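The structure appears right after this line, and notes come after that.
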Amino acid sequence: MHAETATTEPTPAPGEADHVALALANSTYLLPKHGRADLLASPASTRAWLAAVGLAPADADVRELCASRLRELRTHVRALLEAGVDDRPAAPASLDAVNAALTSVPAALLLQYDEESRWHRAAAHPVTQLVDRALAVIAADLADLLAGPDGRLVARCGAPSCERLLLRTHARRTWCSVRCGDRVRAARSYARRSLESDSAPATS
């Protein structure tokens, strides 16, 4: 069963603002003492996530099939990112799934005109193909991330209770959030105090 609550949603990990593929990979995460949360657990939460990352209007008609397709792509995106982190071969099934999403819709933004916006470039996909376009955009971002200079910066959060991914934009960046950093430091402090207590000489 998915946990789904906005009050426990962590702050975006470093890199999510620039790479929607990283944001998708982190859209399910562990909550200490509460289990797993999933921002794509339902059509409503999926619509909210797509709107938050700029891939759908807030009133988009997102059905369970759409949410399921996005969760499936997330599995493959995560697998490829983790393969990069671990410096191991990518799973062919995940490569195939991402490439299928990448080529499922035309990538070019067409020249369009209307009285309100006048000349502009936009995707020509109807609302029914909105999720197809979102999957293609995410897949393209993943390809750019892994094949570009930022690919070597992808890392796992250093907190034992966290599985989120981040971009290590500087050498000292270890955790995905301040909360994870504080949790690790508190655990180290507790362990240190316990060790000092155990090693203190007994008094009669």
Most packed first (mean Cβ within 10 Å per residue), the peptides 18-26, 44-52, 83-91 order as 18-26, 44-52, 83-91
Interchain or sequence-distant (5+) residues whose placed amide H lies within less than 5 Å of the amide H of ARG36 are ALA3, LEU31
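Where a number appears in this text, it was derived from the coordinates with a stated rule and is not lab data. All figures in this text were calculated on a predicted structure; none of them were measured in a lab. Ideal geometry is used to build each Cβ from the backbone, glycine not excepted, and the neighbour counts take in all protein chains shown.
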